[in-house]
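Undergrad: Here's a structure for you.
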Amino acid sequence: MRNLLLTFALSLCALLPFEQPAHAADSTDVAAQWTTKLAPQVVAWRRDLHQHPELGNREFRTSALVAKELRALGLDVTTNVAHTGVIALLKGGKPGPHLAIRADMDALPVVEELDLPFKSTVRSQYNGKDVGVMHACGHDGHTAMLLGIATTLAGMRKDLPGEVLFIFQPAEEGSPVGEEGGANLMLKEGIFRDFKPDAVFGMHLVSWLNTGTVDVRSGPAMSGSDSFKLVVNGRSTHGAMPWNGVDPIVTSAEIISAAQTIVSRKLDIGNQPAVLTFGVIDGGTRFNIVPDKVEMQGTLRTFDADMRQQAIDNLKLITEHIAAANGATVDLTIPLGTNTPVLVNDPALAARVRASIGKAIGAEHVVDGRPWMASEDYAYFAQQAPSVYFFVGSTPVGQDAAHAPSNHSPRFFLDESALQIGMHSMLQASLDFLNAKS
């Protein structure tokens, strides 16, 4: 009922004559009016992007569409940032703070299982394999919403205090093997060299909340992430005579089993949560051959630097000693590439953003949820200035969000009315920040 009333109210706002705002008192009406006015275009952008997904560092069509729309707004646009990223600078007509707002653009190597009119049938190459490609994490919605926000703020630039940098980031889900990418590379290439943000905002559509609910957490919001690679080296032999070799498969199984005790028995998870997961096991070519080696890959998620180091140390001890006990050797690489830091929301800024979003959608629909064990390379941006990253529910009202297909699932479903909620929330937070600082 609340969502119906909100939609009806916004529709009424759209019928009113629109005037550009002159001061902060108008910001609530402005955010509502523009959100409703642009909702059909934001949905159209999202559906186009969903039907044409692209993997990290390969977002060629996506970045071209984004750059075209931003240039049409008269913004100062820079392309080919961190391979396929796009940034656009909006200079307001009044002095004020510098705000950066970020959206990610890349899709995932997932075959879509939803039967939508704009379903993705795209296939591509991922680490040498032919894969389906799908926006299974909502990045199509993030990009569409930020285009709507850029359109709104550009439409009021004469009365807008300060400057806004719109960041359309590639490769949030990771770069192809052997390549750099994502937020860290954008920073290396200097997107904040001349533009010094006073704050950075970001948001993420999530299936574990129903549409109409926004989660704004103070402090740690998403975990730090370390990927790792384990190579267990044995000695090949005939499967009928395992005593003539060293079995890396049995050794790997023992390592995987013992590694589960790191979180359950070695870390104080009453203080902060932690997760250790093996996601890849690759070894052997035939049923009756003991192979020479087994390769495993996994991920460690933590919120605390000491717990992270303790987990890494214990993983090293377990792998080395179990391998030695079996006559094998092991090579452990952690982190595999660059680790992602913990994403921390500035407490004071989070309180302000929570109040702004409460004005937009009703304070009863803004929650302070638990830290999310997923990781986000937006955390690199959050290290540069006070930052807030919030979560926008995308599972339809009436469905059990706790059991909805998760982000990254081939059946991840985005309720498109969530785009209005997200855009309205971000617009209100941005306008309040720009006006209050001025």
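Undergrad: Is it the case, given these coordinates, that residue 156 is within 23 Å of residue 423 (Cβ to Cβ) and within 15 Å of the chain's Cα centre (by Cα)?
TA: no
Undergrad: Just for the range 34-50: of the residues that are open to solvent by 30 Å² or more (accessible area, probe 1.4 Å) and within 27 Å of residue 362 (Cα to Cα), which one is nearest to the chain's Cα centre (by Cα)?
TA: 43
Undergrad: Please find, among 270, 327, 219, the residue that is on the phi > 0 side of the Ramachandran plot, open to solvent by 40 Å² or more (accessible area, probe 1.4 Å) and out of contact with any Gly (no Cβ under 7 Å at 6 or more places or on another chain).
TA: Of the residues listed, the single one that is on the phi > 0 side of the Ramachandran plot, open to solvent by 40 Å² or more (accessible area, probe 1.4 Å) and out of contact with any Gly (no Cβ under 7 Å at 6 or more places or on another chain) is 327.
Undergrad: Moving on to the next point. Give the range 82-101 a look and list any residue that's out of contact with any Leu (no Cβ under 8 Å at 6 or more places or on another chain), farther than 13 Å from residue 164 by Cβ and open to solvent by 10 Å² or more (accessible area, probe 1.4 Å), or say none.
TA: 95
Undergrad: Another question about this same structure. State yes or no: is residue 301 out of contact with any helix residue (DSSP H, G or I) (no Cβ under 8 Å at 6 or more places or on another chain), of a type in the set (Lys, Arg) and outside any helix (DSSP H, G or I)?
TA: Yes, satisfied.
Undergrad: Ok, one more. Looking at (1) open to solvent by 50 Å² or more (accessible area, probe 1.4 Å); (2) over 17 Å from residue 103 (Cα atoms); (3) touching a strand residue (DSSP E or B) at 6+ places or on another chain (Cβ under 8 Å); (4) not charged (D, E, K, R), which is the one condition that is false for residue 435?
TA: All conditions pass for residue 435, except number (1).
Undergrad: Residues of the range 112-129 being open to solvent by less than 90 Å² (accessible area, probe 1.4 Å) and either on the phi > 0 side of the Ramachandran plot or without any contact (Cβ under 8 Å) to a residue 12 or more places away in the chain (or both), which ones?
TA: 127, 128 - these are the residues of the range 112-129 that are open to solvent by less than 90 Å² (accessible area, probe 1.4 Å) and either on the phi > 0 side of the Ramachandran plot or without any contact (Cβ under 8 Å) to a residue 12 or more places away in the chain (or both).
Undergrad: Considering only residues that are free of Cβ contacts under 8 Å to residues at least 40 places away in the same chain and over 19 Å from residue 296 (Cβ atoms), look in the range 235-263 and name the one that is most open to solvent (accessible area, probe 1.4 Å).
TA: 243
Undergrad: OK, next. Kindly establish whether residue 270 is modelled with pLDDT under 95 and more than 18 Å from residue 222 (Cβ to Cβ).
TA: So residue 270 fits the description; yes.
Undergrad: Additional query: Does at least one position in the range 338-354 carry a residue that is more than 11 Å from residue 214 (Cβ to Cβ), of a type in the set (Asp, Glu) and in contact with a Leu (Cβ under 8 Å, 6 or more places away or on another chain)?
TA: Taking every residue of the range 338-354 in turn, none turns out to be more than 11 Å from residue 214 (Cβ to Cβ), of a type in the set (Asp, Glu) and in contact with a Leu (Cβ under 8 Å, 6 or more places away or on another chain).
Undergrad: Further, regarding this structure: Kindly check whether there is at least one residue in the range 162-182 that is farther than 14 Å from residue 87 by Cα, surrounded by 19 or more Cβ atoms within 10 Å (Cβ to Cβ) and more than 22 Å from the chain's Cα centre (by Cα).
TA: There is at least one residue in the range 162-182 that is farther than 14 Å from residue 87 by Cα, surrounded by 19 or more Cβ atoms within 10 Å (Cβ to Cβ) and more than 22 Å from the chain's Cα centre (by Cα).
Undergrad: Of the conditions (1) touching a Leu at 6+ places or on another chain (Cβ under 6 Å); (2) farther than 25 Å from residue 373 by Cβ, residue 284 satisfies every one except a single condition; which number is it?
TA: Tallying (1) touching a Leu at 6+ places or on another chain (Cβ under 6 Å); (2) farther than 25 Å from residue 373 by Cβ, residue 284 fails exactly one: (1).
Undergrad: Here are the criteria: (1) more than 17 Å from the chain's Cα centre (by Cα); (2) surrounded by fewer than 21 Cβ atoms within 10 Å (Cβ to Cβ); (3) not charged (D, E, K, R). Tell me which single one residue 405 does not satisfy.
TA: (1)
Undergrad: Please work out which one of (1) open to solvent by less than 40 Å² (accessible area, probe 1.4 Å); (2) in contact with an Asp or Glu (Cβ under 7 Å, 6 or more places away or on another chain); (3) over 25 Å from residue 419 (Cα atoms) is the condition residue 232 fails and give its number.
TA: If we test residue 232 against (1) open to solvent by less than 40 Å² (accessible area, probe 1.4 Å); (2) in contact with an Asp or Glu (Cβ under 7 Å, 6 or more places away or on another chain); (3) over 25 Å from residue 419 (Cα atoms), just (2) comes out false.
Undergrad: Might you let me know whether the range 332-343 holds any residue that is open to solvent by 30 Å² or more (accessible area, probe 1.4 Å), modelled with pLDDT of 95 or more, farther than 30 Å from residue 106 by Cα and not charged (D, E, K, R)?
TA: The answer is no, given that none of the residues of the range 332-343 is open to solvent by 30 Å² or more (accessible area, probe 1.4 Å), modelled with pLDDT of 95 or more, farther than 30 Å from residue 106 by Cα and not charged (D, E, K, R).
Undergrad: Give all pairs with beta carbons closer than 6 Å in which a residue from the range 189-200 that is touching a residue at least 24 places away in the same chain (Cβ under 8 Å) meets a residue that is in a loop (DSSP other than H, G, I, E, B) and open to solvent by 20 Å² or more (accessible area, probe 1.4 Å); count only pairs at least 6 apart in sequence or on separate chains.
TA: Every condition considered, the pairs that remain are 192/384; 199/386.
Undergrad: Under 6 Å between Cβ atoms, at least 6 apart or on separate chains: pull out the pairs that start in the range 37-61 with a residue that is farther than 18 Å from residue 79 by Cα and modelled with pLDDT of 95 or more and end on any residue that is among the acidic types (Asp, Glu) and in a loop (DSSP other than H, G, I, E, B).
TA: Matching pairs, first to second residue: 43/416.
Undergrad: Can you confirm whether the range 102-111 contains a residue that is aliphatic (A, V, I, L, M), open to solvent by 30 Å² or more (accessible area, probe 1.4 Å) and within 20 Å of the chain's Cα centre (by Cα)?
TA: Yes: one or more hits.
Undergrad: Would you mind listing the strands (runs of 3 or more DSSP E) fully within the range 160-255 where at least 1 residues are farther than 26 Å from residue 407 by Cβ and of a type outside the set (Phe, Trp, Tyr)?
TA: Strands (runs of 3 or more DSSP E) meeting the threshold: 161-169, 224-233.
The values are calculated or read from the model by the stated rules, or taken from the named source; none is laboratory data. Just so we're clear, the structure is a prediction, and the values are computed from it rather than from any experiment. Cβ: placed from backbone, ideal geometry, glycine included. Neighbour counts: every protein chain shown. The area values use the complete protein model at the heavy-atom level, side chains included, leaving out ligands, DNA and RNA. Shrake-Rupley method; radii C 1.70, N 1.55, O 1.52, S 1.80 Å.
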